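Accompanying notes for the structure given below.
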Amino acid sequence: MSPLHRPPWSRAVSRERVAVEVVAGLPAYQVALWPDGWELSADGGVSVRDTHAMAEARRWYELGRRNRAGWVPGPALVAQGVFIPPAILDLAGRTFATEQAASVAVQLVAGDWVAQRRAQLLRLAGVALAERAAVWTGSRHCLGMDAEGLHTLVADLLALCAVEGLIPRADYGLRVQRRDGFGVCGWRIRVETLLEPYARARVGDALAVALIPWNRAVGRGGGPSPVLSLEVGARRRMVTGES
């Protein structure tokens, strides 16, 4: 039977079979740092970075140590669905020369857990790969962002977009607010202008694209959540005599 004439359930089974093969063949470090806890460099090195799940697990460890002496992390965190071995969390910020070295490292410090994690991903391989595909990384993103640096970056990008004719030349107000919450820190960027709604939409579209190299999405709740969120709104008009 031609693939085009296979019933929908048959095509779904075929896609899931392919997904299982992909997950089964993943290097160990990607399984341990799923879905977005690594970055590959041009020379083949692997940098380990925080995921939302890793940051959440770290928070639970800290709460447990603070509230109960002799607290055993494993069972408590498994019950919360956020268990990641401390040895894996300790790898955040480390860089390995090769993918093979990164895989050896995670297997040495938490081999049994990595095997369990792979089995968990295999049970819903298609869903796992869809989650990974939804989370993307900016080429210039770094975890060391601060409000002042981000404010300068966005102001420069607004000016460049205006020079290129992508947005109108106008007076733009700009505010940057840190959003800690749980997990990886995020930033809320609000641009305010007197431009009409259609023009504001153009500004939002152009600036969102310009920010892509510095932005990143993290897996949170099974979907992508951008680290940099952007909002372009109306600036309040000054009334004559208002101070």
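Subtract the Cα-Cα distance of L166 and S47 from 0.36 nm times their separation in residues, and report this length gain in nm to one decimal.
Here the answer is 39.3 nm.
Amide H neighbours of W187 under 5 Å, at least 5 residues apart or on other chains, H built in the peptide plane: list them.
R179, L228, S229
A short reminder: the numbers here are calculations on the coordinates, not readings from a lab. None of the values given here were measured: they were computed from a predicted structure.
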